[in-house]
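Beneath this line is the structure, given in structure tokens, with notes to follow.
Rule-based calculations on the coordinates, nothing more; no lab input. Quick caveat: nothing in here was measured; it's all calculated off a predicted structure. Positions of Cβ are generated from backbone atoms using ideal geometry, with glycine treated the same way; all protein chains shown enter the neighbour counts.
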Amino acid sequence: MDQRRTSVPQEFPDVASPSGGAKADEAAAAVGRTLESAADTMRTHLPHEGRAGAVVEALSGRLEASGVYLEEEGLTGILEDVEALIRQYPIQALLLGLGTGYLLSRLVGGRHG
């Protein structure tokens, strides 16, 4: 197990280095700003009244919240949050991974028969 841990930085030096993490965080922040901009555009150009307005407001609010989260946390913060969720709910995470893998295999692999 220790051998794999020591080989990861050699296989993926950009991810393991501080500058690689900083670049990933900068990219996540840029995506976050884009999401916030999209939320503002939705609020400006789409209807405000009725059910459509409620949907636009809910969607733009979620986009904006996601953008703020990406800007504040960056990729490293997201990875830490995912790791914490997996540690808190290991069985559910395993089942989610298995289910996702099964669905992807059905979508990509088709039927072999």
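So, residue 74, is that one closer than 14 Å to residue 31 by Cα and either surrounded by 11 or more Cβ atoms within 10 Å (Cβ to Cβ) or more than 13 Å from the chain's Cα centre (by Cα) (or both) or not? So residue 74 fits the description; yes.
The residues of the stretch 35-59 that are in contact with a helix residue (DSSP H, G or I) (Cβ under 8 Å, 6 or more places away or on another chain) and exposed (fewer than 13 other Cβ atoms within 10 Å of the Cβ), listed by number, are 47, 48.
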